[in-house]
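Here's the structure, in structure tokens; my notes come after.
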Amino acid sequence: MTAAQMEHEITLTVNGFAVSERVEARRHLADFLREDLGLTGTHIGCEHGVCGACTVLVDGEITRSCLTLAVQCEGKSVTTIEGISDSGAVADLQEAFRARNALQCGYCTPGMVITASVLLDAEEMPDREEIRDHISGNYCRCTGYHAIVDAVETTLKARAEAGR
Amino acid sequence: MKPAPFAYAKARSVAHAVELLSAHDDARIIAGGQSLVAMLNMRLAAPEILIDINDIPGLSEVSVEDGFLRIGALVRYAQAQRSPLVSTHAPLIARAIPHVAHAAIRSRGTLGGSVAFADPAAEMPACMLALGARIVIAGVDGEREVAIDDFFKGLYETAIGPAEMLVALRLPLHGPSRRVAFGEYARRRGDYAMVGLAATARAQGAGLADVRLAYFSVGLNAVRAQGAEAALEAGDVEGAVAALDGDLDPDGDIHASRDTKMHLAGALLRRVAAELSEAAQ
């Protein structure tokens, strides 16, 4: 049982590695990843849950790391853009982003890739409207989204072809 | 954009959470945290202690009991969206959830948290009002139930006392003669609505009875449009739209002026009335 303290020891899994750190209760997960673990691929945009730049996976579900306290991640498994990049899990999606110019400044891209990554395993292939709906919580101020939807759709189609 | 310092404790049980609430003057419950952490980050809230209820067993279930659908305080939007019990027994909730923010918010956000937070622009408080839900609240003396019509007290204020917590939502089960409809106008997908409407009714012959129209984003809380309800029961859709002038009193905000909100409220009502009158759902 955790006592009511301002600081807590937490143990969790980040990108497959066990991590134990002492954190302030007020430390949100995005700052924990960036400042305490040096995983700066998780970007911070608005810091109140609107822009999606800080999206990570917590126990496999897309999650706003700015709206999640690090202390709440005790025992959980967190995956960041570094994790899914290094594992090669989204290499095809990343290549499609590059090929289709689905990024310009790149600030939103880690969150965008993480958010889109959970679509790649969906049982039913989403159409463009559903892709747009799914990424609607991730702001991009450069591309106008069209190229991002193209990149996600291209990857989904290629995976569906390969799986046939 | 960083929260002010606060202490944090994980509650083991509802009784423990209530005990912690009683022991601190300025405590807040955290469930999904999708509204609260944003407020902490912006320092719109700066509690002395957060009491985390996420590890309390038994609050994450959806079940049917005593003729009600019971949704525990920790049931998340994503979970409710996948739940066959919710789609069968509370189709209004299933209709509304896709309008709640975005997928990543729905991963963690809870239905109970939305009702307890009582944001006037949120979908769930209005759905509860339309459904005639009962809110289960726990305090030091055990549990009590509050009818939704007595639950909302003002801006972000509810019947939940300072040393109490919401533990479940109880919704009357959907039935063959029940009709539900939902609509909202938002600037962008996932934004808070400029105006929204959750509605239920009972089909009676060619008409409607027991109409409940719950608007959101038009006042301090989700609010029923009782003049319009009576007009719809009398089969008068345009009369219902006219009655909104007496039912609603929205202030304009950065998204829409008062006139725009009133116009959209009428447009939504026509749409929702047509949906309620459609054949069996």
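The values are calculated or read from the model by the stated rules, or taken from the named source; none is laboratory data. Please read all numbers here as calculations on a predicted model, not as lab measurements. Positions of Cβ are backbone-derived with ideal geometry, glycine not excepted, and every protein chain shown enters the neighbour counts.
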Worksheet, complete the sentence: Okay, strands (runs of 3 or more DSSP E) sitting entirely in region B:4-114 with 3 or more residues that are free of Cβ contacts under 8 Å to residues at least 60 places away in the same chain and away from every other protein chain (no Cβ under 12 Å), I get B:62-65
Practice prompt. Identify all residues within region A:132-148 that are surrounded by 17 or more Cβ atoms within 10 Å (Cβ to Cβ) and within 14 Å of chain B (Cβ to nearest Cβ); write none if there are none.
Written response: A:HIS134, A:ILE135, A:SER136, A:GLY137, A:ASN138, A:TYR139, A:CYS140, A:TYR145
Item to complete: Could you identify the single residue in A:ASP121, A:ASP92 that is away from chain B (no Cβ under 13 Å) and either in contact (Cβ under 8 Å) with a residue 12 or more places away in the chain or among the hydroxyl-bearing types (Ser, Thr, Tyr) (or both)?
Response: A:ASP92
Discussion item. With within 23 Å of B:GLU61 (Cα to Cα), free of Cβ contacts under 8 Å to residues at least 40 places away in the same chain and not assigned by TED's automatic domain parsing to the domain that holds B:GLU229 as the only criterion, which of B:GLU123, B:GLU143 stands out?
Written reply: B:GLU143
Worksheet item: Here are some conditions: (1) under 26 Å from A:GLY137 (Cβ atoms); (2) surrounded by 21 or more Cβ atoms within 10 Å (Cβ to Cβ); (3) among the hydroxyl-bearing types (Ser, Thr, Tyr). B:THR158 meets all but one. Which one does it not meet?
Response: (1)
Practice prompt. May I ask you to list the residues in region A:32-71 that are facing chain B (nearest Cβ under 8 Å) and either among the basic types (Lys, Arg) or at positive phi (or both)?
Written response: A:GLU47, A:GLY49, A:GLY52, A:ARG64
Worksheet item: Can you spot a residue in region A:87-96 that is surrounded by 19 or more Cβ atoms within 10 Å (Cβ to Cβ), assigned by TED's automatic domain parsing to the domain that holds A:VAL152 and closer than 27 Å to B:ASP191 by Cβ?
Response: yes
Worksheet item: Which one is farthest from the chain's Cα centre (by Cα) among residues in region A:113-135 that are in a helix (DSSP H, G or I) and acidic (Asp, Glu)?
Response: A:GLU129
Worksheet item: Is it true that some residue in region B:186-207 is among the acidic types (Asp, Glu) and either over 30 Å from B:ARG28 (Cα atoms) or surrounded by fewer than 16 Cβ atoms within 10 Å (Cβ to Cβ) (or both)?
Response: no
Practice prompt. Could you tell me whether any residue of region B:60-73 is closer than 23 Å to A:THR115 by Cα and within 15 Å of the chain's Cα centre (by Cα)?
Written response: no
Discussion item. If a residue must be closer than 20 Å to A:GLU82 by Cβ and exposed (fewer than 13 other Cβ atoms within 10 Å of the Cβ), how many such residues does region A:113-131 contain?
Written reply: 1
Worksheet item: Considering region A:84-112 alone, what residues qualify as being under 18 Å from A:CYS140 (Cα atoms) and assigned to a loop (DSSP other than H, G, I, E, B)?
Response: A:ARG100, A:ASN101, A:ALA102, A:LEU103, A:GLN104, A:CYS105, A:GLY106, A:TYR107, A:CYS108
Worksheet entry | Subset of region A:12-31 (residues that are assigned to a strand (DSSP E or B) and either within 20 Å of the chain's Cα centre (by Cα) or within 14 Å of another protein chain (Cβ to nearest Cβ) (or both)) | A:LEU12, A:THR13, A:VAL14, A:PHE17, A:ALA18, A:VAL19, A:ARG22, A:VAL23, A:GLU24, A:HIS28
Worksheet entry | Hits in region A:32-83 (condition: under 21 Å from B:MET42 (Cα atoms), part of a loop (DSSP other than H, G, I, E, B) and charged (D, E, K, R)) | A:GLU47
